[in-house]
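Colleague: Sharing a structure with you now.
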Amino acid sequence: MSYYGINEWDNPKSAFNPYTLNTGNVVAIAGEYFAIVGADTRLSADFSIFTREQKKLFQLSDQSVLGLTGFWGDALALNQVVKGRMQIYKYDNERTISTPSLAHMLTTILYYKRFFPYFVLPILAGLDESGRGCIFSYDVVGHCERTMFKASGTAGALIQPILDNQIGFNNMTCAVENSIDLDKATAILKDVFISAAERDVYTGDNIQILTITRSGIFEESFALRKD
């Protein structure tokens, strides 16, 4: 198995690979005045399932949620670092950090560790200062992109084209682009996970869904196939 171009089977005595891939998927969709993010609850490595009930979404504030996939040890470590930096920000500024500012903070945290990076693919979802939904996606060294929909994880390559088609209307000549509402976003989120579970052995069991609005964050779950 290879990570960052290192194949542990080529030279097992000298190769150093502290990472493992615990899989998982995070999908986020932003609308006019909401953001919705979902993640499956299966935690595994290779073909061994460690637990079917591991939540991968972390509520950071009343308007921000962080979803993490990849190496679960690094995911837990990064979550603790982010929460600590948020506390420092709150003490210094006497207010909770906004989602766009939190996105910039997360970029600096990941880039600082670029020579021994956190082996995770974060997605930050929330509301900006004007109350509009926003999604920020990252690579392992902190490159950030703001978008309206994003998928990451082992089934990310399967899910992203569906989002491009159903939400982004990419390369559709007769499409009429309208702002997506919360009900449609929730339906699409569930559909893409159901589809991914049919093709990706690392996706299954349940979906944890967090909906972020001006009224707060609401959680629900949705069952997937368990094989």
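Colleague: So if I place +1 on the C-beta of Lys and Arg and -1 on the C-beta of Asp and Glu, and nothing else carries charge, what would the dipole magnitude of the stretch 106-188 be about its Cα centre? I want it in debye, nearest 20. Write out the running numbers ahead of the final one.
Modeller: Working: 6 positive and 8 negative charges, 66 e Å.
That gives the stretch 106-188 a dipole magnitude of about 320 debye.
Colleague: May I pose another question? How would you order 154-167, 23-36, 121-134, 208-221 from highest to lowest mean count of nearby Cβ atoms within 10 Å? Before the final figure, lay out the partial values.
Modeller: Working: 154-167: 18.5, 23-36: 24.9, 121-134: 21.2, 208-221: 15.6.
Most protected by this proxy first, the peptides run 23-36, 121-134, 154-167, 208-221.
Colleague: Percentage of Cα-Cα pair distances in the chain greater than 31 Å, rounded to whole percent? Don't skip to the answer; put the middle values down first.
Modeller: Values: 5382 of 25651 pairs.
Cα-Cα pairs in the chain separated by more than 31 Å: 21 percent.
Colleague: Right, next: Taking the Cβ of Lys55 as the centre, find all other residues whose Cβ is under 14 Å away and add up their charges (Lys, Arg: +1; Asp, Glu: -1).
Modeller: -2
Colleague: Using 7 Å Cα-to-Cβ label points, what is the Tyr91/Glu198 separation (nm, one decimal)?
Modeller: 5.2
Colleague: Fully extended, how many nm does the chain gain between His143 and Ala157 (0.36 nm per residue separation, minus their Cα-Cα distance)?
Modeller: Result: 3.2 nm gained on full extension.
Colleague: Hey, got the dipole for the chain? About the Cα centre, +1 on K and R Cβ, -1 on D and E Cβ, debye to the nearest 20?
Modeller: About 460 debye.
Colleague: Rounded to the nearest 0.05, what FRET efficiency do Asp164 and Ala223 have when you use their Cβ-Cβ distance and R0 = 25 Å? Write down the numbers at each step before the final one.
Modeller: On the way: r = 27 Å, r/R0 = 1.06.
It comes to 0.40.
Colleague: Let me ask you something else. Report, in order of residue number, the helices in the chain meeting two criteria: a C-alpha extent of 18 Å or more along the helix axis, and a mean Kyte-Doolittle hydropathy of at least -1.0; treat each whole DSSP H run as one helix.
Modeller: Working: long enough: 72-93 (31 Å, -0.53); 99-112 (20 Å, 0.66); 182-199 (26 Å, 0.36).
Those that pass (Cα extent of 18 Å or more, hydropathy at least -1.0) are 72-93, 99-112, 182-199.
Colleague: Counting only protein heavy atoms and a 1.4 Å probe, tell me what percentage of the chain's accessible area is made up of carbon and sulfur.
Modeller: 52
Colleague: Can you tell me the length gained on complete extension of the stretch Lys184 to Arg52, counting 0.36 nm per residue apart and subtracting the Cα distance?
Modeller: 44.8 nm
Colleague: In whole Å, how far is the Cα centre of the stretch 111-174 from that of the stretch 186-215?
Modeller: 15
Colleague: Would you calculate a helix-derived [θ] at 222 nm for the chain, using -39,500 (n - 2.57) for each DSSP H run of n ≥ 4 and dividing by the full residue count, to the nearest 500?
Modeller: -9500 deg cm²/dmol
Colleague: Could you give the length gained by full extension between Asn17 and Tyr111, i.e. 0.36 nm per residue of separation minus their alpha carbon distance, to one decimal place?
Modeller: 31.9 nm is the gain from fully extending Asn17 to Tyr111.
The values are calculated or read from the model by the stated rules, or taken from the named source; none is laboratory data. Small disclaimer: the values here were computed from a predicted structure and weren't measured. Note that we place each Cβ from the backbone using ideal geometry, even for glycine, and neighbour counts take in every protein chain shown. In case anyone asks, the SASA skips ligands and DNA or RNA and just uses the protein heavy atoms, side chains included. Shrake-Rupley method; radii C 1.70, N 1.55, O 1.52, S 1.80 Å.
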